[in-house]
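Notes for the one structure printed next.
We did not get these values from a lab; they are worked out from the coordinates using the rules stated. Keep in mind that this is a model prediction, so the values were computed, not measured. Note that we place each Cβ from the backbone using ideal geometry, even for glycine, and neighbour counts take in every protein chain shown.
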Amino acid sequence: MTVSRLTAHFQSLKAQGRKALIPYIVAGDPEPGVTVRALHAMVAAGADVIELGVPFSDPMADGPTITLGHERALRHNVSLHDVLAMVAEFRRQDAVTPVVLMGYLNPIEITGYAAFADAAAQAGVDGLLTVDLPPEEADELSAELRRAGVDPIYLLAPTTTLARAARITAAASGYVYYVSLKGVTGAATLDVDAVSRRIAELRTVTQLPIGVGFGIKDANSAAAVARHADGVVVGSVLVQRAGDLAAVPEAVPAALAEILAPMRAAIDQA
């Protein structure tokens, strides 16, 4: 069986004793022409995996910061088709860095599961995380993703029982995303000790890499989480910066790199 780009990348990182830096941005935020340049800038700053948000009109799992990012992208009518085109353009220069689409089920359902899986694979997408699709209801989509070589990725929450975590991780591949906080994206307080205990529990039911997101805002919090997780997901602070620079979108790629570079250094020293 062919090893996916995500799996191979995490295996390589583990062999090197390194942890993944996984930035999240919304495709098309603050304007579509910036996104591909931002992806390359983040990789140059040390990103290992990219999570690319698919703009959606009702991003219910996201807090105000990322919701505004979706709204800025939607002002430019950025669609799922446009996001796939951005990934394809990114792939012309980067055939190595895994790209995971993160979003909501509706645009995928409208496209059709098989058609989406084929288009995603052709564009160079490596994984899909659908926030509002529980794995118990994802068999049809997951089957199409696996057929096309795209990893289905799922969320685990602090409230997820260990028995259910075992079922979720059995349905996943690539990595799993542990949400470190109760609530929506952009929440303020990160309890690293609690995260450490929870990751230790999750490792008893899965061998998949565990990425941790929510509440990671700077080099110190990134390093603290990296001591326990396989990957550190950074989102709201990047989307906030993109929003701050909405009037000068050409400045966004360098600004995102400036945020990520010290996180990369701190993670490597953790």
> Can you give the calculated 222 nm mean residue ellipticity of the chain, where each DSSP H run of n ≥ 4 adds -39,500 (n - 2.57) and the sum is split over every residue, rounded to the nearest 500 deg cm²/dmol?
Replying inline: -14500 deg cm²/dmol
>> From the phi angles alone, apply the Karplus equation (6.51, -1.76, 1.60; θ = phi - 60°) to the stretch 15-29 and give each ³J(HN,Hα) in whole Hz, x where the residue is Gly or Pro.
In response: 5, 8, x, 10, 10, 7, 9, 10, x, 10, 9, 8, 4, x, 9
>> Per residue of the stretch 105-110, what does 6.51 cos²θ - 1.76 cosθ + 1.60 with θ = phi - 60° give for ³J(HN,Hα)? Whole Hz please, x for Gly and Pro, Karplus curve as stated.
In response: 5, 3, x, 6, 5, 5
> So, with +1 on the Cβ of K and R and -1 on the Cβ of D and E, and no other charges, what is the size of the charge dipole of the chain about its Cα centre, to the nearest 20 debye?
Replying inline: 800
>> What is the sum of charges, Lys and Arg at +1 and Asp and Glu at -1, for the other residues whose Cβ falls under 12 Å from the Cβ of ARG75?
In response: -2
> Name the chymotrypsin sites (Phe, Trp or Tyr not before Pro) in the stretch 69-130 that are in a loop by DSSP and that have at most 10 other C-beta atoms within 10 Å, would you?
Replying inline: none
>> What's the ranking of 196-206, 233-243 by average number of surrounding C-beta atoms within 10 Å, highest first?
In response: 233-243, 196-206
>> If packing is taken as the average count of other Cβ atoms within 10 Å, what order do 57-68, 125-136 fall into, highest mean first?
In response: 125-136, 57-68
> From Cα coordinates alone, what are the radius of gyration and Dmax values for the chain in angstrom?
Replying inline: 16.8, 48
> Applying the Karplus parametrisation 6.51 cos²θ - 1.76 cosθ + 1.60 with θ = phi - 60° to the phi angles of the stretch 36-44, what ³J(HN,Hα) value in whole Hz is obtained for each residue in order, glycine and proline being reported as x?
Replying inline: 5, 5, 5, 4, 5, 5, 5, 5, 4
